[in-house]
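Chemist: Okay, handing you the structure first.
The values are calculated or read from the model by the stated rules, or taken from the named source; none is laboratory data. Remember, it's a predicted structure, so these values are computed and weren't measured experimentally. In this analysis, Cβ positions are derived from the backbone assuming ideal geometry, glycine residues included, and neighbour counts consider all displayed protein chains. Note: accessible area is taken over every heavy atom of the protein model, side chains too, but ligands, DNA and RNA are not part of it. Shrake-Rupley method; radii C 1.70, N 1.55, O 1.52, S 1.80 Å.
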Amino acid sequence: ALREKHGKPPNIIHILWDDTPVGEIGIPEIQKVRGWETPALNDIAQNGINFMRMYTEPSCTPSRAAVITGRHAVRNGMYNVGFPYEYGGLAADEVTIAEVLSEEGYTTGFFGKSHLGDVESSYMNRQGFDEALWAPYNQVPSLYVPQAQIAALSGAVMFPEMFPEDPYDIDKGWRPRGYIWALEGTKGGPVREVGEPPNHDDYMMLEQMFFDRSMAFIEANADGDEPFFLAYWPQVTSFLGFPDRVTSAGGFLQEALARMDANIGLMVAKLEELGIAENTLIIAMADNGPMVHNGPPGMVETLYAGGKGDYTEGGVRVPAFAYWPGVIEPGQVIGDIIHETDLFTTFARLGGAMDEIPRDRIIDGVDQTA
């Protein structure tokens, strides 16, 4: 009925990144004090909705599982932060927003950090995505490299070839071997490994690959008869940071997000160039608050106390923006509470896929199209 009345449903792009407190992005005045800027995301905030009360789960895996299933972590079982190796992940019987929208004809793509597990049921091409290139873990494997052994992990002998023989080492089998950077596959098809650990330069290339594949996905589906759903979840950085600086602040988080922002600017420009910006909704947001507890330098409590792992405002209140030219009135600063699970139901409503939402389980997300 929606298609008959309004035509082709909107394309939907969901951008999700790590560990950023509300206030760090979308408010240029704060950035001027902090010594960095994200002009592309600030423009999105200015020309759309800046949500001042977007709530998430307090850490990566629970948050990412919640937003993709519309269900709190206590229901989908993803309440522990996945660490490599995980030997677990999102269950096959969970229904993702990609599966819901696929039933209504959407072409679906996932590119970036899933952090939803390393068992086959959690693979993105098994969870509703037609095309996917994803990192199954967090950024911790970026430390599984010789450079980190020297710089960050001096107490951990992860690469024994770098050290003399240890006569007291009775178990050499525990060390990370055969691990991966990323996986790739198409819906229901085989999955291949991408990248060659422990090459750190190879790891750093992943972020550009996620962006390039996202752009190629947009171009390939811009003129199609069916809309597309793109989950672009940037990996953002290695835990070893960057060899050069692009901000005066120089903080770990700020350096990473300034680089990510440049790519998002290119993505918005591409939508305009292809003539599909006015039929594309972008939701851009962080997955939880900053890693302020013994985290890397440059992570801060910007406005609220606490961070990742906390249920204080600092841990679960994140920057979030909605941008849809010609549909969303620009310049809105919204103080209503919205939770990331709401996006599941909202995307389903916009895609005309409400009938595809499963009725055999509790869906926590509330339709926020209003």
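Chemist: Any chance segment 76-93 includes a residue that's touching a residue at least 60 places away in the same chain (Cβ under 8 Å), open to solvent by 30 Å² or more (accessible area, probe 1.4 Å) and in contact with a helix residue (DSSP H, G or I) (Cβ under 6 Å, 6 or more places away or on another chain)?
Modeler: Within segment 76-93, none of the residues are touching a residue at least 60 places away in the same chain (Cβ under 8 Å), open to solvent by 30 Å² or more (accessible area, probe 1.4 Å) and in contact with a helix residue (DSSP H, G or I) (Cβ under 6 Å, 6 or more places away or on another chain).
Chemist: Something else about it: For T247, are the conditions met, namely being over 17 Å from the mean Cα position of the chain (by Cα), closer than 23 Å to T20 by Cβ and surrounded by 18 or more Cβ atoms within 10 Å (Cβ to Cβ)?
Modeler: Taking the combined requirement at face value, the residue satisfies it.
Chemist: Let me confirm something: among I328, I338, which residue is more than 22 Å from A66 (Cα to Cα), among the β-branched types (V, I, T) and either in contact with a strand residue (DSSP E or B) (Cβ under 9 Å, 6 or more places away or on another chain) or surrounded by fewer than 18 Cβ atoms within 10 Å (Cβ to Cβ) (or both)?
Modeler: The unique qualifying residue is I328.
Chemist: Here are some residues: I150, I170. Which one is open to solvent by 50 Å² or more (accessible area, probe 1.4 Å), of a type in the set (V, I, T) and either part of a helix (DSSP H, G or I) or at pLDDT 85 or above (or both)?
Modeler: I150
Chemist: Scan (1) surrounded by 14 or more Cβ atoms within 10 Å (Cβ to Cβ); (2) under 23 Å from the mean Cα position of the chain (by Cα); (3) not charged (D, E, K, R) for the single condition M354 breaks and write down its number.
Modeler: Going through the list (1) surrounded by 14 or more Cβ atoms within 10 Å (Cβ to Cβ); (2) under 23 Å from the mean Cα position of the chain (by Cα); (3) not charged (D, E, K, R), M354 breaks only (2).
Chemist: Taking segment 202-238 only, how many residues are part of a loop (DSSP other than H, G, I, E, B) and open to solvent by 60 Å² or more (accessible area, probe 1.4 Å)?
Modeler: Residues meeting the conditions: 3.
Chemist: Give the residues of segment 60-81 that are under 25 Å from S142 (Cβ atoms) and touching a Gly at 6+ places or on another chain (Cβ under 6 Å), sorted by residue number.
Modeler: T61
Chemist: Okay, next question. May I ask you to list the residues in segment 274-330 that are of a type in the set (S, T, N, Q) and closer than 26 Å to T345 by Cα?
Modeler: Once the filter is applied, which keeps residues that are of a type in the set (S, T, N, Q) and closer than 26 Å to T345 by Cα, segment 274-330 yields N279, T280, N288, T312.
Chemist: Still on this structure, I have one more. Quick one: in segment 31-42, of everything that is touching a residue at least 40 places away in the same chain (Cβ under 8 Å) and farther than 10 Å from A249 by Cβ, which residue is surrounded by the fewest Cβ atoms within 10 Å (Cβ to Cβ)?
Modeler: The residue in question is P39.
Chemist: Looking at the structure I just gave you, is V292 among the hydrophobic types (A, V, I, L, M, F, W, C) and free of Cβ contacts under 8 Å to residues at least 24 places away in the same chain?
Modeler: yes
Chemist: In segment 239-255, how many are part of a helix (DSSP H, G or I) and either in contact with a helix residue (DSSP H, G or I) (Cβ under 9 Å, 6 or more places away or on another chain) or within 30 Å of H6 (Cα to Cα) (or both)?
Modeler: Of the residues in that region, 1 qualify.
Chemist: Additional query: Restricting to segment 46-75, name every residue that is of a type in the set (D, E, K, R) and crowded, with 24+ Cβ neighbours inside 10 Å.
Modeler: Within segment 46-75, E57, R64 qualify.
Chemist: On to the next question. Look through E272, E313 and report the one residue that is farther than 17 Å from D18 by Cα and either modelled with pLDDT of 95 or more or open to solvent by 50 Å² or more (accessible area, probe 1.4 Å) (or both).
Modeler: When all the criteria are applied, what remains is E272.
Chemist: Could you run through segment 98-122 and say how many residues are buried (at least 19 other Cβ atoms within 10 Å of the Cβ), touching a strand residue (DSSP E or B) at 6+ places or on another chain (Cβ under 7 Å) and not in a loop (DSSP other than H, G, I, E, B)?
Modeler: Here the count works out to 12.
Chemist: Right, here's the next one. Specify the residue that is modelled with the lowest pLDDT; the eligible residues are those in segment 173-195 that are loosely packed, with under 10 Cβ neighbours inside 10 Å and farther than 19 Å from P84 by Cα.
Modeler: Only one residue fits best here, namely G188.
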